[in-house]
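These notes are about the structure you will find just below.
Throughout, read-outs are computed from the coordinates displayed, never taken from laboratory work. Note that the coordinates shown come from a computational prediction; the quantities given were computed from them, not determined experimentally. Cβ coordinates were reconstructed from backbone atoms using ideal geometry, including for glycine residues, and neighbour counts include every protein chain displayed.
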Ligand code: GLY
C-alpha cells in the first residue's frame, strides 16, 4: 500500500497533497460549455487568474504540472473532469459532455507518468470528475446530466477492487456534485442548496453556504488551507470560524463557464 495513503488514514494531520495537474486555458475557452448566462470570459483575464491559481497551489506545498493549452477542447482547462485520482489508482473518466470526451486521451498519457494502476470508465457509462467527492476511502458520486448510473457503478466496482468504496447522490439543480458541496476534511462539509437535506450527508458537520453565495460552495481543501472564490464574505467568515486558513482567488472568468476552483486541478499524492 502507498505509504502516504496509510498515513492518511492513521495520522490525518500529516497527510498532504503533493502534486497537482492543471492546464492553461486556450483561446478557445470562450467557446466553452456554459449555462451561467454571465457573458463571455476574457481570455487574458482568465490566463492571469489561472496563473495566480497555480501560484496559490504552489504556496500550499504542491508541485504543479502545467499542461499546454489544448485549443481543440474549449473546456479542457477544467482538468478535474477527465480523471479521478485516488491514492491507490487513477481512473480515466468518460465525460458525459460529447465535446469533452476527447480530453481524456492526452490526460491518460500525463497520468501514466505518475500512476501504474490506471482504470477507465467505458461507454455507455459516463462520469466526470466534478461529480466525484473523496471523503477518506469513500467516494460520493453525483448522478447528474454528465455522470450516469452506469458510470457510477463502474467507478464503485473499480474502487472496491482497490479496497475503497463509493455511493451515489442524486442531483437535480446544479452541474456537478462539487458545484454544491465540498469536503474540507475533519468531517466538515461546505454545503449549499439541494445538498443541505441529502440523507447521504447527515453525518457531517455542515458549514452552510447561503444561497446568495452558492458559487462559493465550490471551494477546496489543500493542505490545511481552504481556497475560496473572492467576493463571498459570508462564506469566508464561516470557513474562517471553522478554523481554516483561507486563500481567496478571483474566479470571475471561470465562473462564466460554470467552472470553479475544484475543476481547475487534479490534486493528488505521488
Ligand atoms: N464549462 C465547463 C463544463 O461545462 O464542463
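Can you give me the relative contact order of the chain as a percent, contacts being Cα pairs under 8 Å and 6 or more apart?
On the way: 549 pairs, mean separation 59.5, N = 270.
That works out to 22 percent.
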Sort 181, 79 so that the residue with the fewest other Cβ atoms within 10 Å of its own Cβ comes first and the one with the most comes last.
79, 181
Along each of its three principal axes, how wide is the spread of alpha-carbon positions in region 191-270, in whole angstrom units, largest first?
33, 31, 23
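Report relative contact order for region 103-173 in percent, whole number only (criteria: Cα-Cα under 8 Å, sequence separation at least 6).
Working: 82 pairs, mean separation 20.8, N = 71.
The normalised contact order for region 103-173 reaches 29 percent.
Defining a contact as two alpha carbons under 8 Å apart and six or more residues distant in sequence, what relative contact order in percent does region 150-208 show? Write out the running numbers ahead of the final one.
Numbers: 50 pairs, mean separation 13.6, N = 59.
Relative contact order of region 150-208: 23 percent.
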Inter-label distance, nm, simple model (7 Å from Cα along the C-beta direction), residue 97/residue 45
1.9 nm
√(5λ) per eigenvalue of the Cα gyration tensor, region 199-245, largest first, Å:
17, 14, 10
For region 89-117 and region 229-270, write down the distance between their C-alpha centroids in whole Å.
24 Å
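Fewest first, what order do 239, 52 take by the number of other Cβ atoms within 10 Å? Working shown, then result.
Details: 239 24, 52 14.
Placing the least packed residue first, the sequence is 52, 239.
Among bridges DSSP assigns within region 8-125, what percent are antiparallel (round to 5)? Walk me through the numbers before you get to the answer.
Details: 3 of 11 bridges.
Of the beta bridges lying entirely in region 8-125, close to 25 percent run antiparallel.
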Would you mind listing how long region 133-178 runs along its three principal axes, going by Cα atoms, in whole Å with the largest first?
32, 21, 11
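Order these peptides, 136-147, 227-238, 255-266, by their mean beta-carbon neighbour count within 10 angstrom, highest first.
On the way: 136-147: 21.0, 227-238: 18.8, 255-266: 24.4.
Ranking the peptides 136-147, 227-238, 255-266 by packing returns 255-266, 136-147, 227-238.
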Cα→Cβ-extended label distance, 7 Å offset, between residue 38 and residue 170, nm
2.9 nm
Order 34-44, 153-163 from most to least packed using the mean count of other Cβ atoms within 10 Å.
153-163, 34-44
Work out Dmax and Rg for the chain from the C-alpha atoms and quote the Rg first, both in angstrom.
16.9, 47
The rounded separation in angstrom of the Cα centers of region 145-166 and region 187-208 is 21 Å
In Å, what is the Rg of the alpha-carbon atoms in region 132-223, and how long is Dmax?
12.9, 41
What is the spread of the Cα atoms of region 100-158 along each of their three principal axes, largest first, in whole Å?
29, 27, 18
Indicate the gyration tensor shape class of region 1-157 (rounded, prolate or oblate), computed on the Cα atoms with a ≥ b ≥ c the square roots of the eigenvalues: a/c under 1.5 is rounded; otherwise a/b larger than b/c is prolate and the rest oblate.
oblate
Provide Rg and Dmax in Å for region 46-115, with only Cα atoms included in the calculation.
12.9, 35
Label 7 Å along Cα→Cβ of residue 270; region 69-96 residues with amide nitrogen under 13 Å?
83-92
